[in-house]
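The values are calculated or read from the model by the stated rules, or taken from the named source; none is laboratory data. Predicted model, so just to flag it, every value in this text is computed and none were measured. All Cβ positions, even for glycine, are placed from backbone atoms using ideal geometry, and neighbour counts span all protein chains on display. Keep in mind that these areas ignore ligands, DNA and RNA; they rest on the heavy atoms of the full protein, side chains included. Shrake-Rupley method; radii C 1.70, N 1.55, O 1.52, S 1.80 Å.
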Amino acid sequence: FFRRAKKALKQKRSCHKGWNVVMYSLLVVDDEKYAVWGVSRGIDWKELEIDRVFEAFNTDEAIEIIAKNEIHVVISDIEMPRRSGLELLKWIRQNSPETMVIFLTAHAEFNYAREALELGSFNYALKPVDHQELRNMVAVALETVKQKREHSRTEQLYTQYLEAWRNHIPVAVEN
């Protein structure tokens, strides 16, 4: 299963662009279908420039979706049958490190929160979460995605200019 997912990741993934507006994607993961539906359908994600909302009911489905699509933010439960949300986060950090992960859980145990943060989760909230609070968390996560993208673009541009400058040094020295 993991080999199939890694193979799919190697294929080029790109986000939707329309009218100079970059649209984002969101994945909601929980083994409780009503929890998934409540998050994915209970908030107007288009207000945050999210045009694709995916739903997964276990970690394997989530991995498959992430492997085939560029996912910017994942909202996931921690405790699920077979594989936990923490295992999903480990996979994401290795295979899609730019994806922001927000955990929603019914477990108030500090150990879950500590491990989630140690593994690089973006945020952590207890269920039931207020929709406005969750929307705000996702907005902040998307702002982080935007900043990382801008930094990456600036870094690429700098590298291009540096390379062009290096290629022209011999010409400048010879004159």
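Could you state the accessible area per residue of the range 90-143 in Å², with a 1.4 Å probe and every protein chain left in place?
Heavy-atom SASA per residue in the range 90-143 reads 52 Å².
Amide H to amide H under 5 Å from ILE50: which residues, 5+ apart in sequence or cross-chain, H placed 1.01 Å off N in plane?
Those qualifying (amide H under 5 Å, at least 5 residues apart or on another chain) are TYR24.
With +1 on the Cβ of every Lys and Arg and -1 on the Cβ of every Asp and Glu, and nothing else charged, how large is the dipole of the range 108-166 about its Cα centre, in debye rounded to the nearest 20? Write down the numbers at each step before the final one.
Numbers: 8 positive and 9 negative charges, 50 e Å.
Dipole about the Cα centre, nearest 20: 240 debye.
Give me the net charge of GLU155's neighbourhood, meaning all other residues with Cβ under 12 Å from the Cβ of GLU155; Lys, Arg count +1, Asp, Glu -1.
Numbers: positive: LYS148, ARG149, ARG153; negative: GLU150.
Net local charge, GLU155 excluded: +2.
May I ask for the net charge around ALA106, where only other residues with Cβ less than 11 Å from the Cβ of ALA106 are counted and Lys, Arg are +1 while Asp, Glu are -1? Write down the numbers at each step before the final one.
Working: positive: LYS127; negative: ASP30, GLU32, ASP77, GLU79, GLU109.
Charge balance in the 11 Å sphere: -4.
Using the crude model of +1 on Lys and Arg Cβ and -1 on Asp and Glu Cβ, and no other charge, please compute the dipole size for the range 61-175 relative to its Cα centre, in debye to 20. Could you put the intermediate results ahead of the total?
Working: 13 positive and 17 negative charges, 19 e Å.
My answer is approximately 80 debye.
Once you order the gyration tensor axes a ≥ b ≥ c over the Cα atoms, which shape class does the range 87-158 get: rounded for a/c under 1.5, otherwise prolate or oblate by comparing a/b with b/c?
Values: a/c = 3.25, a/b = 1.62, b/c = 2.00.
Oblate, since a/c reaches 1.5 and b/c is not below a/b.
Given a 1.4 Å probe and every protein chain left where it sits, what share in percent of the accessible area of the range 28-146 is carbon and sulfur? The partial results should precede the final answer.
On the way: 2810 of 5520 Å².
Using a 1.4 Å probe with all protein chains present, the range 28-146 comes out at 51 percent carbon and sulfur.
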